[in-house]
Every structure is written in C-alpha cells, then in structure tokens.
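Reviewing the structure listed below.
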Amino acid sequence: MSDVFRWIWEKLSRVTSSREFIPEVDGLRFVAILPVLILHSSANILILRGWTAFERDWGQHHGRILRAVSTGAIGVPIFFVISGFIVSLPFARHALQGAAAPKLGRYFLRRLTRIEPPYILALTAMYLFTRAYWHLLPDFLAGLFYLHKIVFGTSNPINVVTWSLEVEVFFYLLAPWLTRVYRIRGDAGRRLLQLLLIGLSSYVVHGWLIPHGPPRLNDTLLTAIPFFLAGMLLADLYASGVARRSGRIGWDFAAAGSGIGLVYAAGWEWGRLYWLTPLMIMLLFLGSIEGRAANWFLCLRPVTIVGGMCYTAYLWHIPLLIVARPYLSKLVPHGLEDGPAAIVFCLVAVPVLIAASAPLFYFVEKPFMNGPGSRYIEKVLGRIPEALRRRKPVASGVAA
C-alpha cells in the first residue's frame, strides 16, 4: 500500500521552476483553497434550496454557521500574499544575497507557459459548457486576455472566480519594477518603508476606495495591492534569513491567533480595522514557517499535495460543482436547516472536488510545469524571431 501512495504522491507532486521547494508555501495554498471550496460548495447547495444571494450577502443574516462559512472569501487574499512572495523571491535574493538577476524575458516567458495554458483550457471548456456561444462570446474573448473586469466592470459570468487571476496577471506585469524596493540599502529602513506602504495602502483601500470609490475598481489590482505588498515584504524577510524554521511554539500561537482574527474579520467584520488583514496574513505566513506545530502540519505530504493542486482546483471547482451538485445534494437529508445542510454538503463535496482535481492537475496543469507542454510552447515561441529574421531579406528582394 505504501508503494501505491508513493506512486500517487510522485504523480501529483508539483514541479517548480527552480530547484527549491518550500513546502510551507504549498501548505498555505491548502489553507487558502480549502475555505474557498467550502464557501462555493455551501453556495451551491443553498442555490438548490432556492437561495439567490451569494457569498457575504447570505452569510450576514442567517445564523452563525453560514456566517462562518461565508468567511471562505478570505482564501483569495491569502493567495495574493503567496503570489507576492513567490514572484518577488528571486528579485529579493538578487538584491539581498547577490544571487543571479532574474532575466525579464525568462520571467515573462515562465508566466506565459506556466499560467496561461491551463487557464485558457479551463475557460474554453466552461465557455463551451454554457452553450451560450454568441451571448457569452464577448465575455470569453475579454477573459482570454484577462481584461473582463476592465472591459465590463464585473466578474466573468463564464467562470466568476477568474477575476482573481486577472488581478494576479497585472501584478506579474508590475512585479519586476515594484521589487526595486529591495535595492534600498539599510534593512530596517527598507522594511519599515514596505510596512508603511502595506498599512497605508490597505487603510486607503478598505477605508475609502472600496466603500466610497467607483464599484468598477473593486476586485482589481488597486484593491488587492496591499496583499501583494505583504508578500513582497515576506520575500524580503525570507531572503534575508529573518524568517526561518526556528520551531518556536510561540509562533504557533501567533499563527492560530491570526487565523482566528482573519475568520472574524472576514465574517463578522472589524469595520475600520479590516485594513489589518494583510498584516494578519503575514503573521499567519511567518507562523507557518517559524512555528513547530503549524510547520509540521503544513509540511505534511497530503497537505502539500492538495495545496500544490490549488490552481487546478480553483479553476475547475465551479464547473465541477455545477455538474455534481444534483447528485451530491441527494446525500443531504431534507429535514436539515440550511446551516447544517451546508456543512453536510461540504463534507461530501469538498473531497469529491479534490479527487476530481487530481487527474485534471496531472493531465492539464502539470505538463506546463517545466514539462512537455511548457517546453513545446517555448520552442514555438523561440522560432518566431528566427522566422521573422528569415523573412526580412525575402521582403527586401521583392521590393527591389
């Protein structure tokens, strides 16, 4: 049996672009994807029960269970912090450790070959599944270029969760320039500046821009930037050796406290104090690295495997839920109230979503993790400049 599990772990293990694997990061991806799956699974069973409101709206006035479930939206900001950390880490190591400078061409090519193909495949599959080809064609085309929110001001109806991927793409484009903050000499001054930028931007976003600014700007990089900046500061601390695996129990309490604070802030809201969420996610991140129990749990192989599949699970869980909910809902007793019914449905649906994501991850996403898919795209793209150079003499001869 151990050989079977070893074979499964090997097939489902994520491939990194560098030789380094940070298990705590995939563990935190697990922490981020799980509440999202719970949130949307609960929403689906409630939709079948005749509900029309969604996410935070139905979580605020219908009991503590549903209110707690509605906090699953906090998983997306955790993803933003993780992305800020992962994308910024090579730039931090170059500036702070003297490592080789990331080549921008290679950086953007990596983003293209790693992120784009699974996204296009998932969006196209969902578009075809809707069968509303002419009606949703503008949404599909805008979504292909990560511009739906900019063009239409709303989430993409083909797959509503793709708004966060549009946000991430804009951060990827700006990251090589945002990370120039690492060039500031003096560790204390540089980190203090980053901390002030996180706090100030978060206070402005949550205190003014989201409640009083144009709704079109919500769920864009402007409102998500504090979380990416938090990830950048974490990359600074990790590359400098400040954040390290110390195994201190005190950090476990810090991680647990920040987790409770995030749930409370997302579900019960702290009003003016909600702007502290990027800092709480930072504390959760540091606790997962520095702590003993938190580090042990997040580094467990099943946890890191599921966390490593989070991109696939995130892209595909909505269509999977739509297909499976008529069948899975039959396992929920009719006499249950909405809150307990949502819990029972999640206990059934979430494992099914994870299991269904495994083959999709292996066949759709993993080939583009420095695999045959990504190598093929790089080969094709590499031929384009050569083809253009070959055509130039021909064109000049025709003109002559």
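Only one residue in Ser202, Ser258, Ser246, Ser288 is assigned to a loop (DSSP other than H, G, I, E, B), at negative phi and among the hydroxyl-bearing types (Ser, Thr, Tyr). Which one?
Ser246
Go through (1) open to solvent by 60 Å² or more (accessible area, probe 1.4 Å); (2) touching a residue at least 12 places away in the same chain (Cβ under 8 Å) one by one and return the number of the condition Leu360 breaks.
(1)
Residues of the range 74-130 being open to solvent by 60 Å² or more (accessible area, probe 1.4 Å) and charged (D, E, K, R), which ones?
Selection gives Lys103, Arg106.
When the residues of the range 319-353 are filtered to those that are within 24 Å of the chain's Cα centre (by Cα) and loosely packed, with under 14 Cβ neighbours inside 10 Å, which remaining residue is farthest from Leu128 (Cα to Cα)?
Here the residue is Leu347.
Take the range 30-44 and flag every residue that is in contact with a Ser or Thr (Cβ under 7 Å, 6 or more places away or on another chain) and open to solvent by less than 10 Å² (accessible area, probe 1.4 Å).
Leu39 - this is the single residue of the range 30-44 that is in contact with a Ser or Thr (Cβ under 7 Å, 6 or more places away or on another chain) and open to solvent by less than 10 Å² (accessible area, probe 1.4 Å).
Could you check the range 298-318 and list, in sequence order, the residues that are among the hydrophobic types (A, V, I, L, M, F, W, C) and open to solvent by less than 20 Å² (accessible area, probe 1.4 Å)?
Of everything in the range 298-318, those that are among the hydrophobic types (A, V, I, L, M, F, W, C) and open to solvent by less than 20 Å² (accessible area, probe 1.4 Å) turn out to be Leu298, Val303, Ile305, Met309, Cys310, Ala313, Leu315.
Can you name every residue in the range 164-207 that is under 20 Å from the mean Cα position of the chain (by Cα) and either among the aromatic types (Phe, Trp, Tyr) or loosely packed, with under 15 Cβ neighbours inside 10 Å (or both)?
Phe170, Phe171, Tyr172, Leu173, Leu174
Are any residues in the range 92-129 free of Cβ contacts under 8 Å to residues at least 60 places away in the same chain and touching a Lys or Arg at 6+ places or on another chain (Cβ under 7 Å), and if so, which ones?
Of everything in the range 92-129, just one residue is free of Cβ contacts under 8 Å to residues at least 60 places away in the same chain and touching a Lys or Arg at 6+ places or on another chain (Cβ under 7 Å), namely Ala99.
Residue-by-condition table, conditions (1) open to solvent by 20 Å² or more (accessible area, probe 1.4 Å); (2) touching a helix residue (DSSP H, G or I) at 6+ places or on another chain (Cβ under 6 Å); (3) touching a residue at least 40 places away in the same chain (Cβ under 8 Å):
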| site | (1), (2), (3) |
| --- | --- |
| Ile260 | yes, no, no |
| Ala265 | no, yes, yes |
| Tyr274 | yes, yes, yes |
| Leu284 | yes, yes, yes |
| Glu290 | no, yes, yes |
| Trp296 | yes, no, no |
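Would you pick out the residues in the range 136-163 that are within 16 Å of Pro118 (Cβ to Cβ), touching an Asp or Glu at 6+ places or on another chain (Cβ under 9 Å) and outside any loop (DSSP other than H, G, I, E, B)?
Scanning the range 136-163 gives a single hit, Gly143.
Out of the residues in the range 229-251 that are open to solvent by less than 20 Å² (accessible area, probe 1.4 Å) and closer than 18 Å to His94 by Cα, state the one that is nearest to the chain's Cα centre (by Cα).
The selected residue is Gly231.
Can you pull out every residue in the range 313-345 that is of a type in the set (Ser, Thr, Tyr) and in contact with a helix residue (DSSP H, G or I) (Cβ under 9 Å, 6 or more places away or on another chain)?
Tyr314, Ser329
So for the range 215-224 (the condition being among the basic types (Lys, Arg), open to solvent by less than 20 Å² (accessible area, probe 1.4 Å) and either within 19 Å of the chain's Cα centre (by Cα) or farther than 20 Å from Ser83 by Cβ (or both)), does at least one residue qualify?
no
The values are calculated or read from the model by the stated rules, or taken from the named source; none is laboratory data. All values reported here derive from a predicted model rather than from experimental measurement. Virtual Cβ from ideal backbone geometry, glycine too; neighbours counted across all protein chains shown. Accessible surface areas use protein heavy atoms only, side chains included; no ligands, DNA or RNA. Shrake-Rupley method; radii C 1.70, N 1.55, O 1.52, S 1.80 Å.
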